[in-house]
Every structure is written in structure tokens, then in C-alpha cells.
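Okay, structure first, notes after.
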Amino acid sequence: MITIKTEKDIKVLREGGKRLAWILREVAKKVAPGVTSAELNDYAMKLTEDGGDKPAFLNYRPYGAKRAYPAALCVSINEEVVHGIPNEEEKVLKEGDIVSLDMGLIHEGLITDSAITVPVGKVSPELEKLMNMTREALAVAIKAARGGNHIGDIGFAIERLIRPHGYGIVEDLCGHGVGYKVHEDPFVPNFGERGKGDKLKPGMVIAIEPMLNLGTSRVKIMKDGYTYKTADEQPSAHFEHTIVITKGDAEIITQL
């Protein structure tokens, strides 16, 4: 069921979103060759606890999962698309890698969700372009998320921008409603048809998260039960914002 958040809810979510954006920005500053994924997770956890909040992903068990997620932060490197576990198989970042940092935050009982992809040192021009295009895909998707439009308009905007560039748009994973829970209705695919799907209504809170691959759109899940990788092991980029639907342009709440 799609929920409409109250003005009181949205006020809390705005503050939580700013806090989450700040945490991701600070964690991104730590990204460098030689840094481990576990160190990034520990730092995100410390910043969250110092602010009096809780990580939304830690011990969260999605429907169908065999176990709860064991970390505060998802750290997905290169061909890892999303949900990379940072503190089980510790990974060391290398010059030229790209890394997705994805996190949910619980502030006063309400949840925001956001992700950024950042370079490790200097990266190749094709990886810079991949990150830039994914960031741009998020921007056009948010622009399409106006009250009165439909879920399909969001995916259509992404496809119209990205298809000519030949990137793989991940179809097996998508955005979602958020706020009272980590994952709520509606699902928000990164592909779609204009005017199709659920109608966007003021007060809806959704997380939009394009995931673009340098090669195929296909993904595979790893034995850890969470990490998704590209099927051809080509790099992937991921950006995400939590937004509030209004009568006009959507309000981005996971930014400073």
C-alpha cells in the first residue's frame, strides 16, 4: 500500500535527509587507495551514532532474505552494483576503482535512503562518464517526478537520456517508497512508459536510484545473499535520492 506522509513526517524526514547527506559526504572524503570497506562502514556507523540516530540497513532483513544485513553501509566496488557487504570479506580500495556508498538513516523513527558513487583516486575517462551519466539520470528522473505524473514517467525519462549512450540500465533492481519502512510501495523502476503506473501524489516519499552498467544490464547475486554484480563483470555506478512528491517539482531531501 502506498502511504502519504504528513507534514509532521516530512519535517522529520527533511532533517534525517540532511543528516544522511552529510554522513555520505564525510564518508566519501575517506575514500582513497588503501582504505578498506570495513573502515568506511565503521566511520559511517560512528557518525550516525554521534548524531543520535540509527542506521536503517543494519540488521534489516528484506522479504525473502535468509539473514539480516550485517552492516550500516553498503559498499559496492566496480562490478558490484549494490548491497556490497563491507565488513565480512574486507576489501581494500585501489587507485582507479569506483565505489558506491549506499545508506539508510533512521531519524526520530523515520527513514531516508541515499547513495553516491565516488572515484578512488584518478579513474579512467569512461568511468568518469559512467558516473556523470548516472548522476544525470537521477536528475532527469527527479525532474519527471511531479505530482500528477506517473511512476512510468520516471523510468521513461531515464531511458530517453541513457539508451542512446549504450549503457546497461539495471532492470532487476529499482527504487521504492520509503519513510515508515526501508522498502515501501511503490516500486520505482529505471525504465517505463509515459503515463503508466501509479499516479504520483503530493506527500508520497520515494527513493529514486538509477543503476547503470558499462556493459550488460543483467546482474547476478552473490553467495552472501546481498551483493549484486554485473553479469559481465563490467563496472557499475549508482546514485540515489529520497524525494517528496509535491504539486510541482519534487523536493530532494537527501541533500545539504
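Conditions: (1) within 24 Å of LYS5 (Cα to Cα); (2) out of contact with any strand residue (DSSP E or B) (no Cβ under 6 Å at 6 or more places or on another chain); (3) buried (at least 16 other Cβ atoms within 10 Å of the Cβ). PHE156 meets all but one. Number of the miss?
PHE156 satisfies every listed condition except (1).
For a quick check of your reading: which strands (runs of 3 or more DSSP E) sit entirely within the range 8-112 and have at least 2 residues that are more than 23 Å from VAL123 (Cβ to Cβ) and within 15 Å of the chain's Cα centre (by Cα)? Explain how you work it out, then say what you get.
Details: elements: 73-77, 80-82, 98-107.
So the answer is 98-107.
Taking the residues in the range 65-89 that are of a type in the set (D, E, K, R) and more than 19 Å from VAL118 (Cβ to Cβ) as candidates, determine which candidate is surrounded by the most Cβ atoms within 10 Å (Cβ to Cβ). Explain how you work it out, then say what you get.
So in the range 65-89, the residues of a type in the set (D, E, K, R) come out as 66-67, 79-80, 88-89.
If we keep only those that are more than 19 Å from VAL118 (Cβ to Cβ) too, we end up with 66-67, 88-89.
Details: LYS66: 7, ARG67: 10, GLU88: 14, GLU89: 12.
My answer is GLU88.
For the subset of the range 20-57 comprising residues that are in contact with a Gly (Cβ under 8 Å, 6 or more places away or on another chain) and surrounded by fewer than 20 Cβ atoms within 10 Å (Cβ to Cβ), which member is farthest from VAL99 (Cα to Cα)?
Selected residue: ASP53.
Looking at the range 174-184, can you tell me whether even one residue there is buried (at least 19 other Cβ atoms within 10 Å of the Cβ), farther than 27 Å from ILE106 by Cβ, in contact with a Gly (Cβ under 6 Å, 6 or more places away or on another chain) and not aliphatic (A, V, I, L, M)?
No - not one qualifying residue is present in the range 174-184.
For the condition within 19 Å of LYS220 (Cα to Cα) and modelled with pLDDT of 95 or more, what is the one hit in VAL118, VAL123, VAL92, VAL75?
On the way: VAL118 fails: within 19 Å of LYS220 (Cα to Cα); VAL123 fails: within 19 Å of LYS220 (Cα to Cα); VAL92 fails: within 19 Å of LYS220 (Cα to Cα).
After applying the criteria, what remains is VAL75.
Being of a type outside the set (A, V, I, L, M, F, W, C), touching a strand residue (DSSP E or B) at 6+ places or on another chain (Cβ under 9 Å) and closer than 29 Å to ILE98 by Cα narrows it down to one residue among GLY215, GLY195, GLY203; which is it? Outline the logic, then answer.
Working: GLY195 fails: closer than 29 Å to ILE98 by Cα; GLY203 fails: closer than 29 Å to ILE98 by Cα.
Every option except GLY215 fails the conditions.
Take the residues in the range 214-225 that are over 11 Å from GLU171 (Cα atoms) and touching a residue at least 60 places away in the same chain (Cβ under 8 Å), then tell me which one is surrounded by the most Cβ atoms within 10 Å (Cβ to Cβ).
Going through the qualifying residues, I end up with LEU214.
With respect to the numbered conditions (1) in a helix (DSSP H, G or I); (2) surrounded by fewer than 20 Cβ atoms within 10 Å (Cβ to Cβ), which one is the sole condition not fulfilled by LYS122?
Status for LYS122: all satisfied but (1).
What number of residues within the range 70-104 are touching a Gly at 6+ places or on another chain (Cβ under 7 Å) and polar (S, T, N, Q)?
1
Of everything in the range 47-70, what is out of contact with any Phe, Trp or Tyr (no Cβ under 7 Å at 6 or more places or on another chain) and small (Gly, Ala, Ser)? Give them in sequence order.
GLY51, GLY52, ALA56, GLY64, ALA65
The values are calculated or read from the model by the stated rules, or taken from the named source; none is laboratory data. Computed from a predicted model, the values in this text were never measured in an experiment. Note that each Cβ is placed from the backbone with ideal geometry, even for glycine, and that neighbours are counted across all protein chains shown.
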